[in-house]
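Quick note: the coordinates plus some simple rules give every number you see, no bench work behind them. From a predicted model like this one, the values you see are computed outputs, not experimental measurements. All Cβ positions, even for glycine, are placed from backbone atoms using ideal geometry, and neighbour counts span all protein chains on display.
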Amino acid sequence: MNTDIISGIQLYHLCRDNSHYGLLSMSCGSETGWGECVITTDAPHFDIIAWGDFLCKLNRQSLADARNTALLNREVWGDAKTELVLMALSNLDHSAAAAREEETPDSSILFEESMSYFSVL
């Protein structure tokens, strides 16, 4: 990896049958890791910006610091948010090998199909 500092965070909000899903993309240099979670079920509307605000704490952190931040904030964030971040970080650690073995989501298609989108700059 070119650097171990998180350089991009994007959260896609997908909805199927009133169930809301989050797909998290975390970038570090030229590598990208993905995480996914069920956000809520049986809700007609959902605010991804308010829900995803916790991601701002991770911006520009090292991968190790981001992992520690997630673990230290589990009680405040809850399991879904914490596991979403840990999944993306773990995938990011292994993204070079995974890119050769499996397909990664196409961000342009996700952007078109998502109900809303949140990016941490």
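A few comments on the model shown:
- Just checking the listed ones, Cys37, Cys56, Cys15: in the Gaussian network model of the chain with Cα springs under 10 Å, the one fluctuating most is Cys56.
- For the range 18-120, the Kirkwood radius over C-alpha pairs fed into Stokes-Einstein at 4 °C and 1.567 mPa s yields D = 90 µm² per second.
- For the range 1-92, applying the loop criterion from DSSP together with a ceiling of 13 other beta carbons within 10 Å to the trypsin sites (Lys or Arg not before Pro) yields Arg60.
- Angle of helix 79-93 to the longest C-alpha principal axis of the chain, folded into 0 to 90 degrees and rounded to 10: 40°.
- For the chain: relative contact order, % (alpha-carbon pairs under 8 angstrom, 6 or more apart): 36 percent
- Local net charge near His20, Cβ-Cβ under 14 Å (Lys/Arg +1, Asp/Glu -1): -3
- Neighbour net charge for Asp47 - beta-carbon separation under 15 angstrom, K R +1, D E -1: 0
- Rounded to the nearest 10 degrees, the inclination of helix 63-72 to the longest alpha-carbon principal axis of the chain is 40 degrees.
- Amide H contacts under 5 Å for Ser7, placed H, 5+ residues apart: Ser27, Cys28, Gly29
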